[in-house]
Structure formats: structure tokens, C-alpha cells
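The values are calculated or read from the model by the stated rules, or taken from the named source; none is laboratory data. Keep in mind that this is a model prediction, so the values were computed, not measured. For neighbour counting, all protein chains shown are included, and Cβ atoms are generated from backbone atoms with ideal geometry for every residue, glycine included.
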Amino acid sequence: MIAQVMDNDNDVIIDLRHLSKVYGSGPVAVRAVDDVSLHVARGEIVAVMGPSGSGKTTLLQIIGALMRPTSGEVMIGGRDIASLPEKALPQVRLKTFGFIFQTPNLLSTLTAAQNVEMVVNLGGVQGNTARNKAAELLERLGLGHRLSHRPAMLSGGEQQRVAVARALANDPQVLLADEPTANLDSKSGQTVTELLRNISKEQGKTIVIVSHDHRIRALVDRTLWLEDGRLRVRWSDGVTLDPVCLMAIERTKTPDSFQYDGDTYYFCSVECKKRFEASPAKYRELSSSL
Amino acid sequence: MVSLAKENLLRERSKIALSVGGVVLAVFLIFATTGLYYAISAVVDNMVMKAGADLWVTSKGSSGSLHSPSLPSNRLASDLKEINGIQKVSPLIRRPIATDMNGEQVLVSINGFDTVSGLGGPWKVVEGKSTPRDGEAIVDRVLAQKKGLGIGDSMELEGKRFEIVGISDETFTLISYMVFVTLEDARSFMPGDLTNFFLVTVKAPGDVTQVKQAIESNLPAVSVSTSRENAAQAKEETVGGFLPIVFVISAIGALVGVLVVGLLVYTMTIEKSREYGILRAIGAGNLYLYRIVLFQSLTVSILGFVIGAAISPPLMSGMQYLVPEFVSTITPRMMAWVFSLFVVTGLVASFIPVRRLSQIDPAVVFKQQ
């Protein structure tokens, strides 16, 4: 296991600190999430993969303020949402996160446009402004001709795209996706995945995707492996550590590398690369001590 | 604003129709019962208020006007006329008589009034004339309808024959039917020179209290009440006992409404619990969810009221046609009261699924459908 810790700065949107979730107590206690620490930068797409029962969904629920951790801190944009009172959490979910689930989970009696508009309404925008925003989002996702269709009249891929539009309705900083392609055929799955990538890159959204789908790795910035509730590095997959923040990163995915003293160093972000360039000897020593 | 509550209701038409039907029945039940109470109450009120008197004079200690044991002597009339401020004094005989009609015992209330002054006579004649002569009678509409009596027919009361010359409305008191005859004819049903009441009118309307006090001080052997006091007492004596039954039936109706609407919104909450879970997951608070249930609950209650209020009058007329004794009236005030009752019903019913709503786990969204 690696503990991925770095100084909190403006680039970090999700900062999990020694997060644990224990179900039950005594000898039957199950540690679904076990001492997970993690940083996710703004605009980054992170995939959390792992076998069934590894704690992926629990981790996602904790990040998304749908479940409280047994211990640890969930810093979102510098604020610990785990310490907020219960009544404050719906607003956090509404304004900070957009959720995309395995099944689209659209409201069956509402049209595609209404499903999105309703969330805009919940965010405090009403009337034509909300209606136009919903239509605009759906049009952007290629569903302009499906605005007045109810979920039952849409294909699985279309439903999932409506769910993506709904997730974007209140312009959240973070999108949390739980197996977004699991119920889709390969083509629709690919469309949704590419859609998420484009959203992240074009709109600077941070996206955390929990998935079994290995194809998703090609589109994300970083893949984390969760096993028995713990984040593990799969060194065999070309994973290395960012010498500054000690984040596990895949060599082939990072755009930022730097040659120093005959070695190549990889970074999760330009910020880390800049820090390394400023004092390479310090960071090389730190990373080699691990 | 998107109304999920409205959209959900529109997609559940058959379920809504059944629930609204239940509320409509409850509304009708309340209207019928309350209407019956109101109609009888109005009749009793009219019997006093529309008799045309300012003051009612009875034997000392007797009360009410319908079946009062008041038996003052006829001679009291001349004593009353000597009191200052009195304009007219008219005796009135009201006596219940059980009579046989077509082999069935019927309780009628003989109403013998002074046809010259008109005080105590019928106040709403729907057919024929309003002033009988000796040997003539004006009978209640319900009695006439029930026994197939009409103008020109005859009826027998304690061996005395009367020709029916008029039909009066609003003169069925739930326990007896009023029959109006001349004072002279009514005397044959009374012992000696006794009467039941003296109806008094005063010269100046503002002097009623003064004249009342004057009668009480000059004639200590009588009781005097204003028409309003007498009406209140008469209502208490006749339909007062019926009022708790009206409340009980109204309460049952409201309870049926609460259960029907509550069951609907509870069922809809259970069926839509995943969708409520989705809403909670994406950030809807409990208040938002509660508002959905409240809207559904109030819509069904109010819709049930509107339909119930619309169909009750014709339905009650139909029932009245089939069962003449079913005299029932709907007034604007009654409408307002029943409307308020069903708004409260909707509010109360919306609380039924609240606990269930608050227990819905937003994490349900992570489970496969």
C-alpha cells in the first residue's frame, strides 16, 4: 500500500486522509475501506479499479457525502465534509458533486429534459432559465432530439447520457461515476467514456470513476487499484511514483516527465514537475528513500 | 419548475381514480349527514323565527316551542293585551298526534294558528293556499309525498276529517310532520280552554327587551322568551342530540379520507422509494421529498372534495325523491367547512409516509435495479 500525501494546495480537489469504513463490530467487523489516503487534482480523471467487494463503491459513497467514514477526513475543496452535520450533506451533494450510476437511475415519469431541469431547479434556478439549461446540456450531449422522451423510450446509452447531463446540471466540481459503462454495450460504453473524458478536459471537471471495465484505463489520467479496502500499486503495470507528491502514476499516462542526472522522473501534474525542477536533489533523495 | 409530484400523479391514473373515489364517498357521507342536520335544524329554527312573533309566552318553567308542556289558559291573552308596547297577541297550539294513515302510525304535529294575524302559520307553501279555513289543513310536503296526498284529498286526525288545501315545505322535523289548521279546529284536540303558546309582537322593534321584562313583572306565572332564545332552545331540544352523531359521522368520513389518501401516498412512496433514493442521492433534502407527498395528498383530497361537492347536491335530490324523509341541504358555509376538513385530511394523510421517506437510503442508487 502507498500513502499518497502531499501538501494541500489549490490544485487538489479531493484529499482523503486515513479514511476507513468499518461495517459491524467485534469479530464480525468488516473493513470495507482501510486507511486510504488519496489526492485527486482538479481536472484529473481517476479510475478506481479492483475486484468485487474491494470497497470501491463504499469509497465512492464516502467521497460523495452519501456515507460517513468510520474514521479519517474527506477534504473536498479544502473542507472536511465528513464533519458536516447530516442536514448539510444534501447541499454538498447537490452543488459539489454530479453522480453517474451503473444504472442511469432516471425518474421514470419525467422526460429527459425534465430529469435534468429538476436538478437545475433543486440548485435554485427556476423557469425558462432552468429549462434552457437542461435543453442546452442535452443538446451538447447529442440528445437534442430526445428532450421530450421518457426514459423508457430511450436506449441504454441515451439514458446514460441523460444521466451525465443531469450530473452536470449544477456545474459541479467533481463527477463521481459508479460503473458507468457496466450496463451498456461496448459502443455505448465507449461513447460514454469518451464523453466523460471530453467533459473533464473541456470543462476542467474532476472525475472519479469506479469500474471493472479495463478499457476505461486508456482514457483516464490515473488508475488506482483497490483491494481489501486498501489502495495498492500494481508496479507491473508501469506504475511509478511522482517524486514530489508520492502519488502512484502510470508512466504512459502522465504528460509531465523530466530528465535529471540520467534518470527520467514522472509527475502527476505540472505543479509537481515545477517543484521538482526547483529542488531536484531533495525530491530524488526523498523518493529513493522509499 | 418541474413538478415530479404532478407527473407521478398523472402516470397513476387508475390508482388516483380509486383514491379520489374514496374521498368523494367520504365527502358525500359528510354532506348528507351534515346536510340532514342542517335541514332539520333550519326547520326547527324556521318554526320559531318565521312564526312572526317577537316574544313567546309559555307556562312558567316550560321551554321550547315544539313539544312544550306549556298549557296556559286562553284568558292569558287579555292580560297580555293590557301590557304597554304589545301590538298583537296570538294563541298558537302545537300538539303532537299519532294518527293512522294507510295502516301506518304517523306522528304529526298539529299547528293551530290564528288565521287573522297569520302568526305561527306555514312560512313556505309550495302548493295550494297558505291560510286554511275550518275543516281544512295544510300538510307537510314530505308527508304528502310519502302518503300520496294532494290538494283536495282528505285526511283524518283523531276522528276529525280535514280537506287538504295546501302543501308546505321545510316542515318535517325528522320525528314529526307539521299539519297547519285553524286555531278553532286545533282547540278540539286540547282540553278545556288551554292553549300552548301566545305569540306576541311589539309595537316598536327596539322595545322587545323592555316588553319582555314588563310581561315577566306583570305576569309572574308565565315564562317569556325572545324568538332567538326560543329557537335556540327548540333546536337544542329537537336536534341537539343529533349533533354528536353528525360529528361522529363527519369524523368517520374524515378518517376514511385520511386512510384512503394516506394509503395512496404511502403506496406511492413505497413504489417510488428508489426514485426518492435517487433524489436524495443527488441532493434533494427531506423537505423537498415531503413537499412531493404533500402535493399528492392535497391534490387527491381537494380533487375528491371538488367532485364530491359537485355530485352531492344532485345525488341528495335523487335520494330525497326516493326517500322523502331524507331532507338535506348544502349551504356555502357547509361547503367551506367540508373543504377545510379535507384540506386538513390531506395534510394529515401526508404525514403517514414521512417516516418511510426519511428512512430511504440514498445509497439505493448503487444497487442494481
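Please determine, by comparing only the residues of region B:315-344 that are under 28 Å from B:Ser176 (Cα atoms) and aromatic (Phe, Trp, Tyr), which one is surrounded by the most Cβ atoms within 10 Å (Cβ to Cβ).
B:Phe326
What is the number of the single condition among (1) out of contact with any Leu (no Cβ under 7 Å at 6 or more places or on another chain); (2) buried (at least 16 other Cβ atoms within 10 Å of the Cβ) that B:Val293 does not meet?
(1)
Restricting region B:10-21 to residues that are surrounded by fewer than 19 Cβ atoms within 10 Å (Cβ to Cβ) and assigned to a helix (DSSP H, G or I), which is nearest to the other protein chains (Cβ to nearest Cβ)?
Going through the qualifying residues, I end up with B:Leu10.
Anything in region A:75-105 that is away from chain B (no Cβ under 12 Å) and assigned to a strand (DSSP E or B)? List them, or say none.
A:Met75, A:Ile76, A:Arg79, A:Asp80
Considering region B:209-223 alone, what residues qualify as being at pLDDT 90 or above and in contact with a Leu (Cβ under 8 Å, 6 or more places away or on another chain)?
B:Val211, B:Lys212, B:Ile215
Among the listed residues B:Ser188, B:Ser176, identify the single one that is under 15 Å from B:Pro96 (Cβ atoms) and at pLDDT below 90.
Working: B:Ser188 fails: under 15 Å from B:Pro96 (Cβ atoms).
Exactly one residue qualifies, and that residue is B:Ser176.
Here's the yes/no breakdown for (1) out of contact with any strand residue (DSSP E or B) (no Cβ under 6 Å at 6 or more places or on another chain); (2) modelled with pLDDT under 85:
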residue: A:Leu224; (1), (2): no, no
residue: A:Arg230; (1), (2): no, no
residue: A:Trp235; (1), (2): yes, yes
residue: A:Gly238; (1), (2): no, yes
residue: A:Asp242; (1), (2): no, yes
residue: A:Ala248; (1), (2): no, yes
residue: A:Gln259; (1), (2): yes, no
residue: A:Tyr265; (1), (2): no, no
residue: A:Glu271; (1), (2): yes, yes
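When you scan region A:170-281 for strands (runs of 3 or more DSSP E) that lie fully inside it, which ones turn up with 1 or more residues that are in contact (Cβ under 8 Å) with a residue 12 or more places away in the chain and surrounded by 23 or more Cβ atoms within 10 Å (Cβ to Cβ)?
Output list reads A:174-178, A:206-210, A:222-227, A:230-232, A:248-250, A:263-267.
Quick one: how many residues across region A:160-172 are within 14 Å of another protein chain (Cβ to nearest Cβ) and either out of contact with any strand residue (DSSP E or B) (no Cβ under 8 Å at 6 or more places or on another chain) or over 12 Å from A:Leu138 (Cβ atoms) (or both)? Don't jump to the end; show me each part of the working.
Residues of region A:160-172 within 14 Å of another protein chain (Cβ to nearest Cβ): A:160, A:162-172.
Among the residues that remain, those that are also either out of contact with any strand residue (DSSP E or B) (no Cβ under 8 Å at 6 or more places or on another chain) or over 12 Å from A:Leu138 (Cβ atoms) (or both) are: A:160, A:162, A:165, A:167, A:170-172.
Total meeting the criteria: 7.
Kindly evaluate B:Arg355 against the criterion of being basic (Lys, Arg), in the same structural domain as B:Gly21 (by TED's automatic domain parsing) and either in contact (Cβ under 8 Å) with a residue 40 or more places away in the chain or under 30 Å from A:Ala177 (Cβ atoms) (or both).
Details: basic (Lys, Arg): yes; in the same structural domain as B:Gly21 (by TED's automatic domain parsing): yes; either in contact (Cβ under 8 Å) with a residue 40 or more places away in the chain or under 30 Å from A:Ala177 (Cβ atoms) (or both): no.
In short, no.
Here are some conditions: (1) within 21 Å of B:Ile83 (Cα to Cα); (2) in contact with a Ser or Thr (Cβ under 9 Å, 6 or more places away or on another chain); (3) surrounded by 20 or more Cβ atoms within 10 Å (Cβ to Cβ). B:Thr201 meets all but one. Which one does it not meet?
Only one criterion in (1) within 21 Å of B:Ile83 (Cα to Cα); (2) in contact with a Ser or Thr (Cβ under 9 Å, 6 or more places away or on another chain); (3) surrounded by 20 or more Cβ atoms within 10 Å (Cβ to Cβ) is unmet by B:Thr201, namely (3).
For region B:248-268, check the following and say yes or no: at least one residue is within 30 Å of B:Gly21 (Cβ to Cβ), within 14 Å of another protein chain (Cβ to nearest Cβ), buried (at least 17 other Cβ atoms within 10 Å of the Cβ) and touching a residue at least 60 places away in the same chain (Cβ under 8 Å). Explain how you work it out, then say what you get.
Restricting attention to region B:248-268, the residues satisfying the condition of being within 30 Å of B:Gly21 (Cβ to Cβ) are B:248-268.
Among the residues that remain, those that are also within 14 Å of another protein chain (Cβ to nearest Cβ) are: B:268.
Then drop every residue that is not buried (at least 17 other Cβ atoms within 10 Å of the Cβ), which leaves B:268.
Narrowing the set further to residues that are touching a residue at least 60 places away in the same chain (Cβ under 8 Å) leaves B:268.
There is at least one residue in region B:248-268 that is within 30 Å of B:Gly21 (Cβ to Cβ), within 14 Å of another protein chain (Cβ to nearest Cβ), buried (at least 17 other Cβ atoms within 10 Å of the Cβ) and touching a residue at least 60 places away in the same chain (Cβ under 8 Å).
Can you tell me which residue in region B:280-289 is farthest from A:Leu176 (Cα to Cα), limited to those that are within 9 Å of another protein chain (Cβ to nearest Cβ) and in contact (Cβ under 8 Å) with a residue 40 or more places away in the chain? Even if it seems obvious, please write down each step before you answer.
Taking region B:280-289 first, the residues within 9 Å of another protein chain (Cβ to nearest Cβ) are B:280-286, B:288.
When the remaining residues are screened for being in contact (Cβ under 8 Å) with a residue 40 or more places away in the chain, the result is B:280-281, B:286.
Numbers: B:Arg280: 15, B:Ala281: 12, B:Asn286: 22 Å.
Taking the candidates together, the pick is B:Asn286.
Give me the pairs, please: first residue somewhere in region A:61-74 and away from chain B (no Cβ under 11 Å), second residue anywhere and surrounded by fewer than 24 Cβ atoms within 10 Å (Cβ to Cβ) and of a type in the set (S, T, N, Q), beta-carbon distance under 9 Å, and either six or more positions apart or on two chains.
A:Pro69/A:Ser20; A:Thr70/A:Ser20; A:Ser71/A:Ser20; A:Gly72/A:Ser20; A:Gly72/A:Ser37; A:Glu73/A:Ser83; A:Val74/A:Ser83
Keeping to region B:269-279, report how many residues are among the hydrophobic types (A, V, I, L, M, F, W, C) and either on the phi > 0 side of the Ramachandran plot or within 14 Å of another protein chain (Cβ to nearest Cβ) (or both).
Of the residues in region B:269-279, the ones among the hydrophobic types (A, V, I, L, M, F, W, C) are B:270, B:278-279.
The next check asks that each one be either on the phi > 0 side of the Ramachandran plot or within 14 Å of another protein chain (Cβ to nearest Cβ) (or both); those that pass are B:278-279.
Summing the residues that are among the hydrophobic types (A, V, I, L, M, F, W, C) and either on the phi > 0 side of the Ramachandran plot or within 14 Å of another protein chain (Cβ to nearest Cβ) (or both) in region B:269-279 gives 2.
Look through B:Phe189, B:Phe198 and report the one residue that is closer than 27 Å to B:Pro72 by Cα and in a strand (DSSP E or B).
None of the others qualify; the one that does is B:Phe198.
How many residues are aliphatic (A, V, I, L, M), more than 9 Å from chain B (Cβ to nearest Cβ) and in a loop (DSSP other than H, G, I, E, B) when one looks only at region A:106-131?
1
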